[in-house]
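As structure tokens, the structure follows; a few thoughts come after it.
The values are calculated or read from the model by the stated rules, or taken from the named source; none is laboratory data. Treat the numbers as computed from the prediction; the structure is a model and nothing was measured. FYI the Cβ positions are ideal-geometry reconstructions off the backbone, even for glycines, and counts take in every protein chain you see. These accessible areas exclude ligands, DNA and RNA; they are computed on the full protein's heavy atoms, side chains included. Shrake-Rupley method; radii C 1.70, N 1.55, O 1.52, S 1.80 Å.
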Amino acid sequence: MKFTEANIEINRLDGKLSSITIDMPIWDKIVEDEFMSVNIPFLGIKTFAKDELDAQEAIKECVNLFCVTSEKFGSGLETELRLLGWEFISEDKGSVIMSFNTSNVIFDQIMETGDKFVETLELTC
């Protein structure tokens, strides 16, 4: 599937982060020792996994930890995402949608090569 943007919906309950729905490309490749290197560049994360199933769990754990760390030790998830280049698309009571859009032709082509990752994560902060 070809796409040139990444989206994240952030839901809060009583001001606390409760869940996120994320839709963005990720990249993986087999590296030395037959491990899989997984890149989540729109969150500035790289992790490793032993197979595809492990990679899916690793991605979920990394995204969850990014969110929890942003809330507890950073300036909040929305602020941390803005620092990485994400932009606000819409804000509603308890829900925010942010997007990482590209307007560079070369960057658009790179985005199209990623595997689509769509997941809703329930968070405990």
Calculate the length of the line joining the C-alpha centroid of the stretch 80-101 to that of the stretch 45-78, in whole Å. 18
Distances longer than 18 Å among the Cα atoms of the chain: what percent of all pairs is that? 53
Potential extension, Asn101-Asn39 segment - 0.36 nm per residue separation minus Cα distance: 20.5 nm
What is the Cα coordinate range of the stretch 60-106 on the first, second and third principal axes, sorted by size from largest, in whole angstrom? 36, 27, 20
Set Lys16/Lys93; Lys60/Lys93; Lys72/Lys116, cut-off 23 Å on Cα-Cα distance; pairs above it are Lys60/Lys93; Lys72/Lys116
For the charge dipole of the chain, defined by +1 on Lys and Arg C-beta atoms and -1 on Asp and Glu C-beta atoms about the Cα centroid, which residue among Phe73, Leu121, Ile45 has the Cα displaced farthest towards the positive pole? Phe73
Roughly speaking, to the nearest percent, how much of the chain's 1.4 Å accessible area is carbon and sulfur? 51
If Rh is defined by the Kirkwood formula over all Cα pairs and Rg also comes from Cα, what ratio Rg/Rh do you get for the stretch 1-50? 1.12
Note on the chain, DSSP bridge orientation, antiparallel percent to nearest 5 equals 100
